[in-house]
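A.B. asks: Let me begin by handing over the structure; questions about it come next.
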Amino acid sequence: MTAEAVRYYIPALVRVALDLNLKGNPPNFVSSLLFDLGLHDLNTFALFHMKERNTVLMLLKHLKGSMSERYVYDEDESVELEPLIEKRTRFSKEN
């Protein structure tokens, strides 16, 4: 997806990923969402307004703290979120 498409679709993707009652929601959708967020470089993140950046950061922090409990995600993989969180936090402060 283009950077603009990521920005547009992120709210819907997050809703689907976090809705455990959604029929047809594959159990690894959270993993897919995180993969998509991790793939995009900071040029995509730069298009987000500050409020959107903060929301993405809050989502990543929430997932890091609760993924092994609520979602189908390996606890070792949640450790991989820390560099993503740090990189985006640093970028938001600088821009």
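A.B. asks: Quick one: in segment 38-95, of everything that is assigned to a loop (DSSP other than H, G, I, E, B) and β-branched (V, I, T), which residue is modelled with the lowest pLDDT?
C.D. replies: Per the criteria, the residue is V72.
A.B. asks: A further question on this structure: Under 7 Å between Cβ atoms, which residue pairs at least 6 apart in sequence (or on different chains) link something in segment 80-95 that is over 19 Å from S31 (Cα atoms) with a partner that is of a type in the set (K, R)?
C.D. replies: Here the result reads S92/R53, each pair linking segment 80-95 to a residue that is of a type in the set (K, R).
The values are calculated or read from the model by the stated rules, or taken from the named source; none is laboratory data. Quick caveat, the model's predicted, so the values are computed rather than measured. Don't worry about glycine lacking a Cβ; one is built from the backbone with ideal geometry, like all the others, and counts go over all protein chains shown.
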